[in-house]
């Protein structure tokens, strides 16, 4: 049993495998030729691996930046890092978390097929992280194993179904289509950023897009995303390196290499990672969207694939960098407030700010131009700083470590479930899950009714024009 479970876990924890299987299923349902099915499946699989490789390059380049930042400014506290805390949780609750992840995917598909929210969550790695957090909260609440599996799987399915839904109104403005959704545990923070961008935009003086930044002719090379990312990150890395000092960098990070040379190379590596991500996204989108039509037509009508945050990066590359920097500033401001207030200090997690801040920059730009990208991402930075602080008390013994969950959805879902437990124990959690489940179908009823009314009105208008 454990061997089978391990194989299933190894398969479904890999987003590249999940997306490739989805592509295989979709193309098969469309009755494509064996050659086309094989080609589409392999291109999707490899494209996602390219994307993941780029994300790995970016993460590796950001790690020393985070180390330099902590050393330069003498910051100690809790670091939001999903991989670090998940590793701790898996030692105790790995099997239960794996089962919640698996059955949560089934709940997601059922909800997609039977409700208005047609989002199939394909970011398996972050979905697995969510399953570990849900496991921790249910165990801390005293649920038995079978109760944890039952209610935890339903909670997991609800989270991964609703998270893409809250971002989709803003996602449509970015992509110009309703065919692709965003599936990431930063969804609620990204949606909040989109809302802020919408509320702060001016009709009289609309903010221009981040992609319309006008450079003088002799600086035209800055229009190249790879160049501007490398140069801007080099400046930031060098500034932080000067504060950290050559002694620390050359002894702890660069293995004796000159500290300026080292940080400039890290900045260039960061830019290379972004370039790789963009290349992978183009391949995946080119294959997964057509393949998903087969699933939409045969299994889950009008299904939308919810993909990881880098799927947004190609639509506004400048906004990614602006969003990252603005979100990181929000994290620093939040950290300063915590230090002054005397609470536990949440240190800005550089990877979380890049991934969710970058996506929020794109979403904010689509909703409110440059102003929206800056303000929306700044608010996201505050959100992913304060939400982890509020989450810590409901994680039991796990919340007493040096790491915690980093993205906004962990905070929203964890705080909801955890504080229900504090208010009314297990019964309150169960009632809360049931209420949310009922609301999903109530909202679905009214949204479907509204959709039919709009369609009928449009049909009547077309008939009136035909008669005239």
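Values in this text are rule-based calculations from the coordinates and carry no lab data. Because the structure is predicted, anything quoted here is derived from the model rather than measured. Using ideal geometry, Cβ is built from the backbone for each residue, glycine included, and neighbour counts are taken over all protein chains shown.
Only DSSP H runs of four or more residues enter the estimate; each adds -39500 (n - 2.57), and after division by the residues of the chain the mean residue ellipticity at 222 nm equals -26500 deg cm²/dmol. Computed over the stretch 45-126, the quotient of the alpha carbon radius of gyration and 2.2 N^0.38 Å is 1.51.
Taking the average, over residues, of other Cβ atoms within 10 Å as the packing measure, peptides 359-370, 47-58 rank 359-370, 47-58 from highest down. Peptide packing for 444-456, 155-167 was compared via the average number of neighbouring C-beta atoms within 10 Å per residue; ordered from the highest value, the list is 155-167, 444-456. Each of 133, 233, 171 was scored by other Cβ atoms within 10 Å of its Cβ. Listed from fewest to most, they are 233, 171, 133. Ranked by the mean number of other Cβ atoms within 10 Å per residue, highest first, peptides 400-407, 142-149 order as 400-407, 142-149.
Compute the separation of the alpha-carbon centres of the stretch 287-349 and the stretch 140-199 and state it in Å as a whole number. Each part's Cα centre sits 11 Å from the other's. The modelled label-to-label distance between residue 172 and residue 454, using points 7 Å beyond Cα along the C-beta direction, is 0.5 nm. Which shape class applies to the stretch 330-448: rounded if a/c is under 1.5, otherwise prolate when a/b exceeds b/c and oblate if not, where a ≥ b ≥ c are the square roots of the Cα gyration tensor eigenvalues? The shape class here is oblate. For the pair the stretch 443-461 / the stretch 43-113, the C-alpha centres are spaced 40 Å from each other. For 441, 121, the sequence from fewest to most other C-beta atoms within 10 Å is 441, 121. Kindly state, to the nearest 0.05, the FRET efficiency for residue 91 paired with residue 279, given R0 = 35 Å and r defined as their beta-carbon distance. Approximately 0.45, to the nearest 0.05. Under 16 Å from a label point set 7 Å out along the Cα-to-Cβ vector of residue 199, the amide N atoms of the stretch 362-399 belong to 364, 367-368, 372-384.
Across the chain, the relative contact order, built from alpha-carbon pairs under 8 Å that are at least six residues apart, equals 25 percent.
For residue 441 and residue 341, a Förster radius of 51 Å and the Cβ-Cβ distance give a FRET efficiency of 0.80, rounded to the nearest 0.05.
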